[in-house]
């Protein structure tokens, strides 16, 4: 019955078996990676958002579009850095137990970008006096959208990691947008207001980092310590030293965020 | 008759014309276009998800690999294949698949193409020939999102849920009822919809997976059983199977007076906790939120916005090779946006005063809608936020809305309410 | 010789038309392509009108066709030689005759059918609608008024394609269209009425026999016109009421599978 053209892939499909390796080895030494993202150009002023729902509550917060936040010292906030390696030793101190909190605060998502591990609870709260809903548009995990009344909360967990951070929106207040980074290991960070980040307690040796920003997507190239470095699909191999690896200043051209 | 047959006739005609011959020729001429039409129909093919392909910047050989894998896993529109992991019934699929024809015992085959593909497309991508004329657009099964079901928002619908949709149709949209086809045919069609949906989701995960490949994979997906079954097929198939046992439990309606329940429902509707009013509007006419999109349209909308900004990106930093690659991608993407996607349209919150409920009008259906929200649509899930009793009050209030006149509730209705229907 | 054959051929061909025409009508009822079974109170009158007009036109048809055959046969050049045809410039008498005869026939038909027309289109029974039928591409949406007999109230029953009516009772349908022109066609009840968007058209009939029959659309309404098929079930008052009640209970379900308790 099977046509000849179907046979080949079918055979491969049914024929080979992959032996899964147990992850038990523990690294001897641990180190950290740190760095700071810097904006090359005049720091842009984030545009004001149009607030047309619940104006009496949301209107008084002077909400701005947080797609691109550049601090006074040119640091770029909300860049996501995570380790791509699928099998990596995890430091025993880094067992995730506490839920990660994403708050609906002042008609915006706080923080703007959250990092959560698979299996860990993401606690979505609402500290506003108005009702919100949080529409988490994950691709691999089933997308969720829950109604969260004033001072209510809901819990979301994720089965698998997401290759791209997932947007969180509120359908009642269309200007609200946040992001959830879902990984299956604890090695990820989001840059703060000053553009700096640190990922701690990584196993020493080579790891592959990946960089993402909501407006630029996966970063393609950057200038690291004065040298233009191409990071295809946002990926870069980094050697983790036992006494810490500092990537220094990573400069991104303004055109990246166009 | 028509031009081609007239020419054909002339060529066959002997120079001395007997009347009989000319008549016979006339008959043959009439039949010729029909006979010719039968022999030349090309085999139906599944259309690749070009929007995702363009988004993921797939190369032609990668598109080819996805097509080959999918054909091995799912077969073709005329000859479906199912792996046991899908839990699908090939006998049912055969009834629904293929061109419209009667088999040896006179049973009608090709049901999907007879009844569904006109709107939903042979691929189930919601882009059949009539799709562009309809509002809302016909459902695209490929992302695996279904709106009207008895399971939680993120879950798949049960088989019975889809049967209900086919039986009742979706009043308020262009989806008609297929109940009179009979149980066997409806059952086969539902199986085929599930098949197309699984295939579509598998295609999406395959296409998205290229991004996650390591450099040493050289842009090729592994064609191992472990990868294709465990990583791609099972995560999709299992969720369809899990849905069968995941029907939402509905507690009984609280025993309070209906008028009282409606009053409480009204309070919730307008209150800050359920917040229905924000989208469905102060008048409940569905005019509270006019510029939101459903998830299917959002995909196209967001991607066309990305494409727009890609068009504006300066190419001065690129090497000439990168630049020509970028331009080729832009050209392809523009083609895809014009030819493989329908213009995104906003979604309107339901007008609750029409007594038209797309996902069913039973109190039970409305309970499911509020409890689980509507997958793919902006409607959020209220489960956990609202108690079952509160949901029931809202159900009762909503059911009273088409008949509410001048703020008065009760049995005495006026012509205004009647004319609205 | 060949010319004589040609004359023969054409005259016989014209003869074949009335012969085959009559044969088709003679055979049709026995191979079930005749009028569908009539189960309506007013159908007999419609059908007898049909037979009457058929007989009338049938006679004219046969006579005309026979004349055609006879002229071709008789005045074949090959048979009669090179005889010249006579030129006639009209005949006033003939023209008057062939104008007056059809006019009288038409007038007679117009008067003769008035009662049948009035029964179907004018003498509406005084009652509230039994059911509202909304035609739309490509299905029939039904709404029964419920116990209060009033459409547009919370006890309305909403269904699709599956029309039920009681036997031996006047049935009044309120016909609407949601989108384009459709036609509400019940072949077995001899009912055909266009549905026009924006209009509420009353349609009435009385079924005389129980059974299940087709409800189809008889006005090309779009690509799915041929699939716009419903079903009418004519049943006793008790069965009809029981059916309404069961459907209403299903519509008001607050738990899945309420039909189980009913068994």
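The numbers here are math on the coordinates, done by the rules we state, and not lab data. Only a predicted model underlies this, so the values are computations on that prediction, with no experimental measurement involved. Here the Cβ is made from the backbone with ideal geometry for all residues, glycine too, and neighbour counts use every protein chain on show.
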Ratio of Rg to Rh over the range B:254-341 (Cα coordinates, Kirkwood Rh, two decimals)
1.38
Per-residue average of other protein chain Cβ atoms inside 10 Å, peptide B:379-386 -> 6
Among B:137, C:213, which comes first, second and so on when ranked by fewest other beta-carbon atoms within 10 Å?
C:213, B:137
With 5 Å bins from 0: P(r) over the range B:295-339, alpha-carbon pairs, percent:
6, 21, 26, 22, 13, 8, 4, 1
So, relative contact order of the range A:97-184 in percent, Cα under 8 Å, 6 or more apart, is 33 percent
Can you give the helix-only mean residue ellipticity at 222 nm for chain B, where every DSSP H stretch with n ≥ 4 adds -39500 (n - 2.57) and the sum goes over all residues, rounded to the nearest 500 deg cm²/dmol?
-14500 deg cm²/dmol
With an 8 Å Cα cut-off and a minimum separation of 6 or more residues, compute the relative contact order for the range C:19-170 in percent.
12 percent
For a quick size check, give me the Cα extents of the range B:240-299 along its three principal axes, largest first, whole Å.
43, 36, 18
Report, as a whole number in µm² per second, the diffusion coefficient that Stokes-Einstein gives for chain C at 37 °C and 0.692 mPa s using the Kirkwood radius over alpha carbon pairs.
143 µm²/s
Over chain B, what relative contact order in percent results from Cα pairs under 8 Å that are six or more residues apart?
16 percent
Base-10 log of normalised Debye intensity for chain A (one unit scatterer per alpha-carbon) at q = 0.07, 0.08, 0.15, 0.17 Å⁻¹
-0.30, -0.39, -1.12, -1.32
How are the alpha carbon pair distances in chain B distributed across 20 Å bins from zero to the largest one, expressed in percent?
21, 45, 26, 7, 1
Determine, for C:62, B:232, C:88, the number of other Cβ atoms within 10 Å of each Cβ, and report the residues in order from fewest to most.
C:88, C:62, B:232
Here the convex hull volume per residue of the range B:41-128, taken over Cα atoms and given in Å³, is 116 Å³
Which of B:242, C:219 comes first, and how do the rest follow, when ranked by fewest Cβ neighbours within 10 Å?
B:242, C:219
Can you give the percent of C-alpha pairs in the range B:50-243 whose distance is more than 23 Å?
45 percent
Taking only C-alpha positions in the range A:162-211, Rg and Dmax in angstrom work out to 14.4, 47
Within 10 Å of each Cβ in B:67-73, how many Cβ atoms from other chains are there, averaged over the peptide?
4
Using the C-alpha gyration tensor of the range C:1-123, what are the square roots of 5 times its eigenvalues, in whole angstrom, with the largest one first?
40, 23, 6
Work out Dmax and Rg for the range A:97-184 from the C-alpha atoms and quote the Rg first, both in angstrom.
11.7, 34
Given C-alpha coordinates of the range C:125-253, what is the ratio Rg to Rh with the Kirkwood estimate of Rh?
0.94
Percent of Cα-Cα pairs per 20 Å bin, from 0 to the last occupied bin, for the protein assembly as shown, please list those.
11, 34, 30, 16, 7, 1, 0
Value at 222 nm in deg cm²/dmol, rounded to 500, when DSSP H runs of n ≥ 4 in chain C each add -39,500 (n - 2.57):
-13000 deg cm²/dmol
